[in-house]
Amino acid sequence: MRSPLDSGAWIELDDTRSTQDDAAQLLAQGVSPGVVFAHNQSQGRGRFGREWVSARGDSLTMSLVFQDYEDAKEPWLVGMAVGLAVAKAVGASVQWPNDVVAGDKKLGGVLTELFPGASGRKVPVVGVGINLNQTSFPDEIADRAVSLAMVTGRRHEATTVALQIIKQIEGLPEPTSWGALQNEWSAHDATPGKRFRLVTGEQAVAVGVSDSGSLECLVNGQPRTVMAAEAVFGQ
Ligand code: BTN
């Protein structure tokens, strides 16, 4: 897979609101960002408009701008590939569609958004947030969140981990179809058996990821397939 640094520059910010917004703005200005990396982010957002909380020195926050994949037919596969690259870089697992987990707890997440590039084409911008060095989490998420330091017993430097992720991206097959990613994904997949809440309010138990990249699950014992684009909430 092509690195975001093949088509744009490494941009390092000390403090920002959201690297996703920075990437969108730079693209709109005709600047070619490859990676927008921030040491501190104050208004990070996650999937489904949820807040993404991070802290200086404890978190990795960056947005990868995939200009080589503008107008990709299945842009969510770019995000799923990045989730896989993150899992491989930090020795963790992926959970559909693109959470990065260690055991049952969330270590990081990936947010794929499309922003117009200079030509007006839609560029996939994949935000990556990883809990690196936290030693504890607020009560509300303590049972669901974990940091890399809690897993490995040592601190991690955000730029080093960012470069390891980019190296892993370069080693992945082109994410042009789910079939291209499936083998590697399966080797790192922690999805089967996990519980999801569907937008309908129903509880689902994951069986696995289908040939098209959607989630196969059981709802009240009945098989159902759920698209990545449909809102499905973890837990
Ligand atoms: C998730 O909901 O799991 C995805 C979280 C993605 C957070 C990252 S941090 C860097 C980038 N900038 C943002 O505002 N969000 C993403």
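Give me the dipole magnitude in Debye, nearest 20, for the chain about the Cα centre, with unit charges on the beta carbon: positive for Lys and Arg, negative for Asp and Glu.
On the way: 20 positive and 27 negative charges, 72 e Å.
That gives a dipole near 340 debye.
How many percent of Cα pairs in region 1-77 exceed 21 Å?
Summing the P(r) tail past 21 Å for region 1-77 gives 30 percent.
Put a plus charge on the Cβ of each Lys and Arg, a minus charge on the Cβ of each Asp and Glu, and nothing anywhere else: the dipole of region 130-235 about its Cα centre is then about 260 debye. What nm value, rounded to one decimal, do you get for the distance between Asp14 and Asp104 when each label is placed 7 Å out toward the C-beta? The answer from the label model is 4.3 nm.
Contact order, relative form, for the chain: 18 percent (alpha carbon pairs under 8 Å, 6 or more residues apart, mean separation divided by residue count).
What FRET efficiency comes out for the pair Asp6/Thr135, r = Cβ-Cβ distance, R0 = 41 Å, nearest 0.05? Walk me through the numbers before you get to the answer.
On the way: r = 37 Å, r/R0 = 0.90.
The pair Asp6/Thr135 has a calculated efficiency of 0.65.
Note that the chain carries a Kirkwood radius of 17.8 Å, evaluated over its alpha carbons pair by pair. In a fully extended conformation the segment linking Thr176 and Gln164 would gain 2.1 nm over its present Cα-Cα distance, using 0.36 nm per residue. Across region 39-107 the C-alpha pair distances fall into 10 Å bins from zero in the proportions 18, 44, 35, 3 percent.
Within straight-line reach of Lys167, meaning a Cα separation under 14 Å, sit the following aspartates and glutamates at least 8 residues removed in sequence or on another chain: Asp6.
R0 = 35 Å: FRET efficiency of Ser32 with Ser186, Cβ-based, nearest 0.05? Please list the in-between numbers first.
Numbers: r = 35 Å, r/R0 = 0.99.
Calculated value: 0.50.
I'd like to know which of Ser119, Ala204, Gly179 lies farthest towards the positive end of the charge dipole of region 82-217, counting +1 on Cβ of Lys and Arg and -1 on Cβ of Asp and Glu. After comparing all options, I get Ser119. Mean projection of the Cα convex hull over all viewing directions, computed for region 139-225: 8.3 nm². Charged neighbours of Glu51, selected by a Cβ distance under 15 Å, balance to +4 (K, R count +1; D, E count -1).
Where a number appears in this text, it was derived from the coordinates with a stated rule and is not lab data. In this text the structure is predicted, and so the values were computed from the model without any measurement. Cβ sites come from the backbone with ideal geometry, for glycine too, and all protein chains shown count toward neighbours.
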